[in-house]
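The values are calculated or read from the model by the stated rules, or taken from the named source; none is laboratory data. What you see is a predicted model, and the numbers here were worked out from it, not measured in a lab. Ideal geometry is used to build each Cβ from the backbone, glycine not excepted, and the neighbour counts take in all protein chains shown. Accessible surface is based on the protein model in full, side chains and every heavy atom, while ligands, DNA and RNA are left aside. Shrake-Rupley method; radii C 1.70, N 1.55, O 1.52, S 1.80 Å.
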Amino acid sequence: MNTPLFQRVAVIGLGLIGGSLAAAIRQQQLAVEVVAYDREADDLRAGVALGVIDTAETSVAAAVQGADLVVVAVPVRATEAVLAEIRPALSDQAILTDVGSTKASFVAAVEAVFGQLGPRVIPGHPIAGSEKSGVHAANPELFANHKVILTPAEGVDGASFERLKSLWEGCGARVLAMSVGYHDEVLAATSHLPHLIAFSLVDTLAGEDQNMDIFRYAAGGFRDFTRIAASDPVMWHDIFLSNRDAVLRVIDHFSRDLDQLRDAIEHQDGAMLLRVFSRAKAAREHFTKMLSGQAYVTDMNQKQVTFRMQPGGSMNGDIRVPGDKSISHRSIMLGALADGVTEVRGFLEGEDSLATLQAFRDMGVTIEGPDNGHVRIHGVGIDGLQAPRGPLYLGNSGTAMRLFAGLLAAQPFDTELTGDESLSRRPMGRVADPLRAMGAVIDTAEGGRPPLKIHGSQALTGIHYEMPVASAQVKSCLLLAGLYAEGATSVTEPAPTRDHTERMLEGFGYHVHRKGATSSVSGGGRLTASEIDVPADISSAAFFLVAASIAPESDLTLRHVGMNPTRVGVINILRLMGASIEVLNEREIGGEPVADLRVRSATLRGIDIPEDQVPLAIDEFPVLFVAAACAEGETVLRGAEELRVKESDRIQVMADGLAALGVESTVTADGIVIPGGQRLGGGTVDSHGDHRIAMSFAVASLRAEGEIVVNDCANVATSFPGFVELARETGIQIAAEGE
Ligand code: NAP
């Protein structure tokens, strides 16, 4: 049993909200006694009969007398008169709160009656309700899993605030605190305006001659959209009159936007309609995810997914793995800046590319999709971006932030780039410093961290930059800034990095001069829209290359795989180990080489992995370790320090996982030594949330002698959507539990 938080709670106004709160307090035993006053004696009698309250009082004063919490739950316009009746009976120590839908009006009423807002006056507003009103609709569960907003003033008594918060939490609600002004602005936009539109729309249609027919033929959408037009007219009349200024601001904003749509329809401006609708659709989808408690891209970490594999099997079939992330991402950027419409197919809906897509929509670019990997981008031309209304939010994408910094440095408007908590900790000095050398004006937070404030309208001048550390993101950032700079911008890299930006610029008809380790562009050119069938990601293909190599009697074809020379280390290494991989049908798409790969079972042998192949296969080592364990003879990896600081210490986690299956290995400072010809037993492996490790052990099951269970596999769905289905279809006996 709860220790009651209050001795006597007085509810003034026993309707839907007052009655529901009283009932919840009684049900949860949060007060010793709940009393009420309402101007309708019938309602009070019903309140007692329904068990909503303990006692009905015959006046406001009688109810408030001796109460340590007074809740005003009358329509907002009645508040001031009720407060005047409360005042003489209210104890100094009592907390006074309300449930009204507008908050500035409550504060004004308190000030009018009491002269000031005392430290125990705490305005409140439960974001829960119903179209029904009156005590008969009271429901003690009404607030469960809903939000309650409290808007305490600065001088509030902390202990009283905590007590009131605990009361709402005891009723199942989640309590948020914000200022009165902010509350009224937010509610004007998200609640008051939609109610006004619903009332107005139904009224307009009801006034049409054919009204009965209109309603008869109305589809489900109309019913959903107008549900709130059945709300209590008196209550809403009160709300609009009380929150006048904030509501007028959003009505004006909405009227302007509605007029623009009207003009677009009148003038057959399809591009404008498409721009608004696709932006709205994306925002609504984003909102749906937020409502269901998910991040921008489904936050898979919240779920626990376990892979369970039965041993053995062979790999057969003809498949295409999902599209390359880096190429998907860049296709949006260049497509947006090109002249004409760019069609992208095989697009990977990863976090980076979705954040970028939204940012370009915010800068006025119409983008249709993604729809089953198909995206259509209506390019605005190299100088066609428009100032976004607010900061560009780039989620978790470091790539997006670094590339945007270059792209936006020379736009004629200012921009602010923000990201989630983890992105906000990543240093951006590596791109801000060379951009400043080109003439960009960029402010960062402490330590060169986001948000980045980019001051527009700067004339950039090309520079030559020797990158101190090899980074494809820094290189890409400077080349994109170079599109807008006077003269040539060139970047020299100390070691080869991925060159997707250079290749895609060429694919969009923008010449990139490449000589040795240096790439350069000259500013002032234009991009031409292109068709991009995003190559399948070689890093995803790698699991299947190893799987079909180690499983007996396998013959598997992988279609349309990206064969960028900076990424093909896994194929080179597997071939050195004796794998049978045929490269068929080589071609070029949007500047990127692609091919079909046919892989058949082979007897692999251990090798010393050539160090020049290490940077070209850095993401593929976990699955290559599985190949090494199945090979004959020892495999030695050196020069892979980077692998120890990835999502996990990949080398150690792989070694631990292999050990769990009875496979020996020796971890070294910069690599690993794996004796070959080992038997793989069954066992349980912890992937430490590293998607590549999880998929590698799914592959290992093909040669295992017992069941393999891999924990913490939820991240797989983000990097390789459909992995489990594709693995099962081709021959791995895998089940995912907890999805
Ligand atoms: P309700 O069901 O109509 O209840 C209001 C009650 O207050 C009625 O019983 C009413 O009596 C009584 N009342 C009116 N003036 C009074 C006065 N001068 N003295 C004593 N009692 C008086 O309305 P509700 O939906 O509970 O709304 C109450 C408050 O909650 C409003 O401020 C509203 O903005 C807020 N709110 C409502 C919702 C929602 O969805 N309904 C959600 C959040 C917040 P009569 O029956 O005689 O009029």
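Points worth noting:
- Semi-axis lengths, Å, the range 185-261, gyration tensor of Cα atoms, sqrt of 5 times eigenvalues: 24, 15, 11
- Pair-distance profile P(r), taking every C-alpha pair of the range 388-532, with 5 angstrom steps and integer %: 2, 11, 20, 23, 20, 16, 7, 1, 0
- Mean Cβ neighbour count within 10 Å, used as a protection proxy, ranking 383-392, 33-42, 4-13, 706-715 highest first: 4-13, 706-715, 33-42, 383-392
- Charge-dipole axis of the range 6-178 as Lys and Arg at +1 and Asp and Glu at -1 on Cβ define it, positive-most pick from A89, L150, L50: L150
- Once the 1.4 Å probe is applied to the protein heavy atoms, the chain comes out at 42 Å² accessible per residue.
- Test item: Cα-centred dipole of the range 122-256, Lys/Arg +1 and Asp/Glu -1 on Cβ, debye: 280 debye
- Computed on the Cα atoms alone, the convex hull of the range 1-92 gives a volume of 82 cubic angstrom per residue.
- Ordering of 243-254, 221-232 by packing [mean C-beta count within 10 Å, highest first]: 243-254, 221-232
- Values of log10 I(q)/I(0), in the order q = 0.08 Å⁻¹, for the chain under a Debye, Cα-only, solvent-free model: -0.83
- Reduced Cα scattering model of the range 553-592, Debye log10 I(q)/I(0), q = 0.16 Å⁻¹: -0.47
- Eigen-decomposition of the gyration tensor built on the alpha-carbon atoms of the range 6-178 gives equivalent ellipsoid semi-axes of 21, 18, 15 angstrom, largest listed first.
- By the rule of a C-alpha distance below 15 Å, with chain neighbours fewer than 8 residues away ignored, the aspartates and glutamates paired with K281 are D362, E368, D371.
- With all protein chains in place and a 1.4 Å probe, the accessible surface of the chain carries 50 percent carbon and sulfur.
- Lys, Arg +1 and Asp, Glu -1 on Cβ, resulting dipole of the range 185-261 about Cα centre, debye, nearest 20: 180 debye
- For the range 308-357, the extents of the C-alpha atoms along the principal axes are 52, 22, 11 Å, listed from largest to smallest.
- Quotient of C-alpha Rg and 2.2 N^0.38 Å, computed over the range 633-720: 1.06
- Share of Cα-Cα pairs in the range 496-555 lying beyond 16 Å, as whole percent: 61 percent
- Peptides 513-525, 496-508, ordered by how many other C-beta atoms sit within 10 Å of their residues on average, highest first, read 496-508, 513-525.
- Charged side chains reduced to their Cβ positions (Lys and Arg at +1, Asp and Glu at -1) give the chain a dipole of some 420 debye around its Cα centre.
- Segment E588-L273, extension gain: residue separation times 0.36 nm, minus the distance between their alpha carbons: 109.9 nm
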